[in-house]
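Beneath this line is the structure, given in structure tokens, with notes to follow.
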Amino acid sequence: MNTLYTDRLVDLTENALVLKRYYFPFGARRVELADVAKVRVLRPTLMNGKWRLWGTGSFKTWFPLDLHRPDRERVFLMELKRQWRQIGFTVEHWEKFRDLLRASGSVALEETV
């Protein structure tokens, strides 16, 4: 499988996104891109997870571990098909990740600036 993007937090392949620090203590979660309804790209705020280092505060959005999330320029919120919950995550190079995800054509991408 061809890896499009990789950093310490995620791996993006042609078919899936792997969130490396999803489960305690450091287990990964693989999400098939076919199961993703859409991904929103947001500026980090208190309300959308800027200070959520790991876990959830609302039971709707789960964030994998990222101790540097408060310093990141963007937060990604991934809505999954047939699920109420969503996954919030960050990457080390958000523009590169966003562009590769958009170019893949596998996922609807919505950017709010």
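Amide H contacts of residue 16 (H built 1.01 Å from N, in plane; Pro and chain starts excluded): 33 sit under 5 Å, all sequence-distant by 5 or more or on other chains. Its Kirkwood hydrodynamic radius, worked out from the mean inverse distance over all distinct Cα pairs, puts the chain at 13.9 Å. Note on the chain: with charges restricted to the Cβ of Lys and Arg (+1) and Asp and Glu (-1), its dipole about the Cα centre is near 420 debye. Shape analysis of segment 53-113 based on the Cα gyration tensor places the equivalent ellipsoid semi-axes at 19, 17, 9 Å, largest first.
For the listed peptides 48-59, 65-76, a ranking on the average number of other beta carbons within 10 Å per residue, highest first, reads 65-76, 48-59. A straight chain from residue 68 to residue 54 at 0.36 nm per residue would run longer than the Cα-Cα distance by 4.0 nm.
For the chain, the 222 nm mean residue ellipticity estimated from helices alone, with every DSSP H stretch of n ≥ 4 adding -39500 (n - 2.57) and the total spread over all residues, rounds to -3000 deg cm²/dmol.
Read-outs: derived from the displayed coordinates by stated rules, not from any lab. Predicted, not measured: the structure shown is a model, and the values here were computed from it. Cβ atoms come from the backbone with ideal geometry, glycine included; neighbour counts cover every protein chain shown.
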